[in-house]
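Trainee: Let me give you the structure first, and then I'll get to my questions.
The values are calculated or read from the model by the stated rules, or taken from the named source; none is laboratory data. Owing to the predicted nature of the structure, the values given are computational and were not obtained by experimental measurement. Here the Cβ is made from the backbone with ideal geometry for all residues, glycine too, and neighbour counts use every protein chain on show. Accessible surface areas use protein heavy atoms only, side chains included; no ligands, DNA or RNA. Shrake-Rupley method; radii C 1.70, N 1.55, O 1.52, S 1.80 Å.
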There are 2 protein chains.
Amino acid sequence: MSSDASPAPAKTPVTLREVAASAGVSVATASKALNGQGRMTAETRARIRETAQRLGFRPNSLAQSLLRRRSFTVGLLTNDTYGRFSLPLMSGVSDALVDAGVSVFLCNVEDDTRLAQLHVEAMLDKRVDGIIATGKRIDRHLPVDLANLRIPVIYAFTQPDPGAIAFVSDDAGGARLAVEHFCRLGKKRIAHVSGPSGFAVVHARAQAYRDVLIERGLPVIEPLLGAWSEAWGHEAVGKLFGAKAGREGAPDAVFCGNDQIARGVIDALRERGIGVPDDVGVIGFDNWEIVAEATRPPLSSVDMNLAALGREAGLALLSLVGGKPAEPGIRKLPCRLVVRQSCGRPPGG
Amino acid sequence: MSSDASPAPAKTPVTLREVAASAGVSVATASKALNGQGRMTAETRARIRETAQRLGFRPNSLAQSLLRRRSFTVGLLTNDTYGRFSLPLMSGVSDALVDAGVSVFLCNVEDDTRLAQLHVEAMLDKRVDGIIATGKRIDRHLPVDLANLRIPVIYAFTQPDPGAIAFVSDDAGGARLAVEHFCRLGKKRIAHVSGPSGFAVVHARAQAYRDVLIERGLPVIEPLLGAWSEAWGHEAVGKLFGAKAGREGAPDAVFCGNDQIARGVIDALRERGIGVPDDVGVIGFDNWEIVAEATRPPLSSVDMNLAALGREAGLALLSLVGGKPAEPGIRKLPCRLVVRQSCGRPPGG
DNA sequence: TCCCTCTGAGAAAACCTTTTCCCAAATCGC
DNA sequence: GCGATTTGGGAAAAGGTTTTCTCAGAGGGA
């Protein structure tokens, strides 16, 4: 009974002091034994370690943080309510940090300045080692100023402050991927339907679209800019394919600014009796799997690799926290084309 | 120059000791002044407060936590990668806690037991005050055992351990809302298409569906159970509306188990030339706005009030952390019907 | 004037860990 | 056998705050 070895669910966590007492040494020695510091006989070290193990000792992270002036904690600020973009990103961040023992505070601040301020202050009070700012769209600022915070800040998939470090997807590169894929499939008249002209990414992708077509000597159809919605995709098909029954001059491929637009395009094409992918190929953007896979046919789409982006942002923050300086600026990470069925098969394939 | 009042971005945070020194009192007095404790002249208290303000003093939360044995931090565990369910829930949790100064660690553990274990231990080491467990579907367990944790655990929208406290949506009530709405609209033949029969919620909703119809003396069409997908909704229409051209005996309303199924149903009805909502009304479940609003016509849907559910869970955890005992058990929170256009208008309305 | 009570404020312990310094004993060289 | 070095381990400070206890002085009553 006295040698009960089962790790009883202690009501209060066991401290280093108790381990030391139980092993018959001082707390200093116990600390050194567990951290591989100091000098002592192998026997002493082993005994202390065994005691700690038996008692289920886990160092109090709060005390460590207080001493080291590092909380092993970072804040992730987002305004993406449904988390469609920020959760994959967050997974990447978390993934990069968990091995370093760093946990992530997630704060969804919507677009509420007061709320954002409140959360930032709470995080500062808790002595987070750094902050990652992210959002639902690359072009929009978060409703709070993170510029002079005395802790490192990394921007990921959101509009950075000048002089800051930011990770974003290479939208132009992603667009090239899509359009070049259409070219390889032998498409000759490739159209582009995208979101509102107020977004910088819309223009970046549109320009890349034009560049590829010009390089290949294919006709450029002026991109149709509208909204990020299915309804707009639907409407755009009306403009592209017109009232004329003949398919002379009509596109044989449509590259869309996001998956919802693509979905609207596909639905509208079906309503007109135009087959996807046989008559017209379609590629979306975002690779929002739950939508892309449910589309009929399953939608090919450009994936922004948000998890990888999050991982990079996490590692960069870690390095900054570790004291390594880093160049300010915007780092673009490559996209990746996920081919499903909506874009068509290679000719003769 | 010496009276520079601008709150300079100090490189290192100002401590209570500095405030005390600057105000010419001891740290004990300073602490008491700022916390409204102890006895001192109003003048002294005001002077200390003013000094703290001027210096931009913010108490180090780590030191406070160490002393109070409370970190003002909770962990939120989820396995919902895209966060469709957990982010609205998380917003509610966060909302309930932010005013109490409590921050939330979000850990997405996918379905990886090792990862889950790792995160839970990290949170325990950081002395979180409690944990909220949530998931993407109410029926599934998280891949980690939270039963004997010596800190309070609340389950929200996920399968709880026996003897635990859980908050879930009232699925039967939500189903009643939908079916009764159809009844009020004068629908006579109401069908139900839902997800896999492996889910308890599927049966709860199906039973509520039957109950309402029986109460009203309307015919019960045996619910069609399949998958949570558009494809299944599409397929189910084939079964419900058969090959027979006549609409004798065919449903005039379909209540769907989620919005994706509903979407599939609507698409399939359109393909058959059946009008929504004029010929057949459709109601979905989840009220996933980004889908429901993009559907043509916009989809009426049962909303599970996830943010409210998160808020309740947060408050319950707070109360538990505060030492107030609570009955174990499952609390069901009411759903709410969001009426858009897919269900139809009242007769003569 | 003396004793008692109140008032305002400070000293110190506590929370838990890490790290620097220090000391006694043991070992080594000669 | 004696001084110098190494070895094993402990005492104490530090990190920033809160809280309890203590204490000097002021004011009141007799």
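Trainee: Among the small types (Gly, Ala, Ser) and surrounded by 20 or more Cβ atoms within 10 Å (Cβ to Cβ), is that true of A:GLY314?
Mentor: It is true that A:GLY314 is among the small types (Gly, Ala, Ser) and surrounded by 20 or more Cβ atoms within 10 Å (Cβ to Cβ).
Trainee: To continue, here is another question. Taking the stretch B:60-83, which residues are in a loop (DSSP other than H, G, I, E, B) and either within 16 Å of DNA strand C (Cβ to nearest atom) or more than 9 Å from chain A (Cβ to nearest Cβ) (or both)?
Mentor: Scanning the stretch B:60-83 gives B:ASN60, B:ARG69, B:ARG70, B:SER71, B:PHE72, B:ASN79.
Trainee: Next up: Could you please let me know if B:ARG68 is at pLDDT 90 or above, open to solvent by 10 Å² or more (accessible area, probe 1.4 Å) and within 11 Å of DNA strand D (Cβ to nearest atom)?
Mentor: It is true that B:ARG68 is at pLDDT 90 or above, open to solvent by 10 Å² or more (accessible area, probe 1.4 Å) and within 11 Å of DNA strand D (Cβ to nearest atom).
Trainee: Could you count how many residues in the stretch B:162-206 are surrounded by fewer than 17 Cβ atoms within 10 Å (Cβ to Cβ) and either under 19 Å from B:GLY226 (Cβ atoms) or aromatic (Phe, Trp, Tyr) (or both)?
Mentor: Residues flagged as surrounded by fewer than 17 Cβ atoms within 10 Å (Cβ to Cβ) and either under 19 Å from B:GLY226 (Cβ atoms) or aromatic (Phe, Trp, Tyr) (or both) within the stretch B:162-206 amount to 5.
Trainee: Here is a follow-up. Output the residue which, of all residues in the stretch B:30-54 that are within 12 Å of DNA strand C (Cβ to nearest atom) and not in a helix (DSSP H, G or I), is farthest from the chain's Cα centre (by Cα).
Mentor: The selected residue is B:THR41.
Trainee: Sticking with this one: Quick one: which residue in B:SER103, B:SER91, B:SER86 is under 28 Å from A:VAL14 (Cβ atoms), in contact (Cβ under 8 Å) with a residue 24 or more places away in the chain, within 14 Å of another protein chain (Cβ to nearest Cβ) and open to solvent by less than 30 Å² (accessible area, probe 1.4 Å)?
Mentor: B:SER103
Trainee: Scanning for something at pLDDT below 95, open to solvent by 20 Å² or more (accessible area, probe 1.4 Å) and under 21 Å from A:PRO334 (Cβ atoms), does the stretch A:207-219 turn up at least one residue?
Mentor: No - not one qualifying residue is present in the stretch A:207-219.
Trainee: I've got another one for you. For A:PHE57, only one of the following conditions fails: (1) in a loop (DSSP other than H, G, I, E, B); (2) within 16 Å of the chain's Cα centre (by Cα); (3) surrounded by fewer than 22 Cβ atoms within 10 Å (Cβ to Cβ). What is its number?
Mentor: It is condition (2) that A:PHE57 fails.
Trainee: A further question follows. More than 10 Å from DNA strand D (Cβ to nearest atom), in a helix (DSSP H, G or I) and more than 14 Å from every other protein chain (Cβ to nearest Cβ) - does that describe any residue in the stretch A:22-29?
Mentor: There is at least one residue in the stretch A:22-29 that is more than 10 Å from DNA strand D (Cβ to nearest atom), in a helix (DSSP H, G or I) and more than 14 Å from every other protein chain (Cβ to nearest Cβ).
Trainee: Now for a separate question. Taking the stretch A:111-129 as the search range and keeping residues that are more than 28 Å from A:ARG58 (Cβ to Cβ) and within 8 Å of chain B (Cβ to nearest Cβ), which one is surrounded by the most Cβ atoms within 10 Å (Cβ to Cβ)?
Mentor: A:HIS119
Trainee: I need every pair where a residue in the stretch B:36-49 that is assigned by TED's automatic domain parsing to the domain that holds B:ALA21 has its Cβ under 8 Å from the Cβ of a residue that is part of a helix (DSSP H, G or I) and open to solvent by 80 Å² or more (accessible area, probe 1.4 Å), sequence separation at least 6 or different chains.
Mentor: B:GLY38/B:LYS32; B:MET40/B:LYS32
Trainee: Right, here's the next one. Being charged (D, E, K, R) and in contact with a strand residue (DSSP E or B) (Cβ under 7 Å, 6 or more places away or on another chain) is true for just one of B:LYS126, B:LYS136. Which residue is that?
Mentor: B:LYS126
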